[in-house]
Amino acid sequence: MEKNSSTVLKKALPFSLTVLIILLDQITKSYIAGKWPIGTMITDVFNNDLLHLWHVRNKVIAFSLGAGLPDEIRPALFIILPLIVLGFLCFFYWKSVDFTGLQRWTIAGIIGGGIGNLIDRIFRPDGVVDFISVKFFGILGFERWPTFNIADSSVVICIFIWLGSLFFSPSGTEKGGV
């Protein structure tokens, strides 16, 4: 019985990151949405064009995927598909014993980011609040990286860390740890 409760705690603890990401994401989005009109550049943070805070709304998904879909289909599709993906991630997370502690934390971060944007898709009919704009110096054809938010950052950073952990985890790493 002791081992079972320890395993549940090890699996549940990373969801504190999920909750933290959702809270930070929704607090920052609410602040931006409440203080600045859509389309407003709030500030050039360092006065060097590197980082802008810019209030925009995104009705599509990453890199404008789905922009060509009819307005009637887009919201349902962008709510149902993420719900399925998040459900699968949560199910796989709880059933698997093959994840390392780091991998559990990264999956919890991905789930937090996914839920953060899903909340916007459900409760903000004018789109997901994006506000971070970074100069990208023409790399990949982008002068500025597409505007994003805390949830987007969490998903991308956690995916890269998770992928790195698949390729670069030391041998003998304990599975299922925190």
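In this rough spin-label picture, where each label sits 7 Å from Cα along the Cβ direction, the Lys10-Arg144 distance is 4.6 nm. Using alpha carbons only, the radius of gyration of the range 75-163 set against its Kirkwood radius gives Rg/Rh = 1.03. Using the Stokes-Einstein relation with a Kirkwood hydrodynamic radius computed over Cα pairs, the translational diffusion coefficient of the range 1-101 at 37 °C and a viscosity of 0.692 mPa s comes to 188 µm²/s. Rounded to the nearest 20 debye, the dipole magnitude of the chain is 380 debye, with +1 charges on Lys and Arg beta carbons, -1 on Asp and Glu beta carbons, and the Cα centre as origin.
Size of the chain from its Cα atoms: along the principal axes, largest to smallest, the extents are 55, 38, 29 Å.
Read-outs throughout are calculated quantities, based only on the coordinates presented, and are distinct from any laboratory measurement. Note that the structure is predicted; figures quoted are calculated from it, not measured. With ideal geometry, Cβ positions are generated from the backbone for all residues, glycine too; neighbour counts draw on all protein chains shown.
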